[in-house]
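Just below is one structure, and these are the notes that go with it.
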Amino acid sequence: MRRIARSSRSVLAGVLGAAAAGCLSPSAILAQSFQLIVTVSPPGSNTNPAFWQPVKRFEFAAPGADPVALDDIPANQVADPAGAAFRTERELFIGNRHGNVLGMGSISRFTLSADGQTVTPSGTITAPGMIGVHEVALSPTTGELFATTVNNGIFRFTFDDDGNALPNGSFAGGQPFRGVAVHPNGRFVYATSFSSIIRVFRLDGGTGVTELPAIAVPNAINLHYFVVHPNGEHLYVCDIVANRVTRYRMGLAGELQFLGSFASPAAIDAAFSPDAAELFVGNHFGGGITRYQLDQGTQEFASTGFISTSSMGGFAIYTPRARPCFPDFNGDGNLDPDDLSDYIACYFTPPCPQSDYNADGNTDPDDLSDYIADYFFGCS
């Protein structure tokens, strides 16, 4: 058994005292819940920052459950928000339009707590010429970030080992864009330009990009944002004027096979529940989120409910990951005080990789509270 320092023993004594008093809050005992995160994005240009809107969050105890409104990400922590995407399990990016006409654009970074209840600002990404950011998307293979701008192309960023954003150029400069998605193989980027086509770009390594023939979307008028199905095979694109969501199958060479579309009012963006059984679609002009379910027999989407909101923009889903649970920390087959003291010693004596108990890539107070919860109350 490792002997723990005096400071660690005092912390341990406090933890044990809290447990005895019934004050421990096992924050990591999570239900199978998820959050729908949506930007409030009024149509058109909005030059007055006083009228820029927040980012809203809804929690669902399980797929199909009624939504519970959580605290907004306040309007003063974003700047006319439009797009939303997660870079890691708990790091949220929000693309900011800045009114589209103020000559500014940015991406706000936030970190969610392990239980998803607290959202903390963690920085801002900017670049010269990156004006009026709309949708943001990340490569599932390289982690590279792509951000569309209102009239100056698509900007790229990579990340160093500390998570710092590194500009990696841009492409299609001087051209307007709204939506962006990355093929699951990381080799192709799809983009919309508030028109009836999907533009396709092949990534050639480094900053190299080749534009491929555009794809005409049947009955489209004003395409905006995308969502990639969790199965990694299907791409959905939303149209705010044609009032439709169109579905494609993605080929390995970036080609898209049309699979049909369904009606949804002023559809700007969409998101799937974690089990992919439900699709949420936002109304850009009238506000609100329509809930749909896919009939596996007919392959048709049927409306199952409605969530009242203001004008919608970008969507993202947060799902607390089921974390490991091993209160027998020293692995001797017994759960006893040695395990507790060994974990405390590990936590307060860095570097100790095992101190990242919830396996989210960070050692922080969530790990300590999660371990204590499992030790005293058992795994859930």
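Some notes on this structure:
- On the stretch given as the stretch 73-117, residues that are in a loop (DSSP other than H, G, I, E, B) and farther than 23 Å from PHE226 by Cα total 10.
- Hits in the stretch 251-281 (condition: in a strand (DSSP E or B) and under 22 Å from the mean Cα position of the chain (by Cα)): ALA267, ILE268, ASP269, ALA270, ALA271, PHE272, GLU278, LEU279, PHE280, VAL281
- Flag if GLY254 is of a type in the set (Gly, Ala, Ser), modelled with pLDDT of 95 or more and closer than 21 Å to PRO43 by Cβ: no
- Some residue of the stretch 295-302 being of a type in the set (Gly, Ala, Ser), outside any loop (DSSP other than H, G, I, E, B) and within 25 Å of GLY132 (Cα to Cα): no
- Residue check, ASP80 surrounded by fewer than 16 Cβ atoms within 10 Å (Cβ to Cβ) and either modelled with pLDDT of 95 or more or outside the structural domain of VAL182 (by TED's automatic domain parsing) (or both): no
- Flag for ASN358 being closer than 21 Å to ALA61 by Cβ, outside the structural domain of ASN243 (by TED's automatic domain parsing) and either surrounded by 13 or more Cβ atoms within 10 Å (Cβ to Cβ) or among the aliphatic types (A, V, I, L, M) (or both): yes
- For the stretch 306-339, a tally of residues being among the hydrophobic types (A, V, I, L, M, F, W, C) and surrounded by fewer than 20 Cβ atoms within 10 Å (Cβ to Cβ) returns 7.
- If you go through the stretch 325-367 and keep only what is touching a residue at least 12 places away in the same chain (Cβ under 8 Å) and closer than 11 Å to ALA114 by Cβ, you end up with TYR357, ASN358, ALA359, ASP360, ASP366, ASP367.
- If you go through the stretch 143-174 and pick out every residue that is at pLDDT below 95 and under 17 Å from the mean Cα position of the chain (by Cα), you end up with 1.
- One residue from GLY186, GLY163 being in contact with a strand residue (DSSP E or B) (Cβ under 8 Å, 6 or more places away or on another chain), in contact (Cβ under 8 Å) with a residue 60 or more places away in the chain and not in a strand (DSSP E or B): GLY163
The values are calculated or read from the model by the stated rules, or taken from the named source; none is laboratory data. Since the model is a prediction, treat every value here as computed from it, not as a measurement. Don't worry about glycine lacking a Cβ; one is built from the backbone with ideal geometry, like all the others, and counts go over all protein chains shown.
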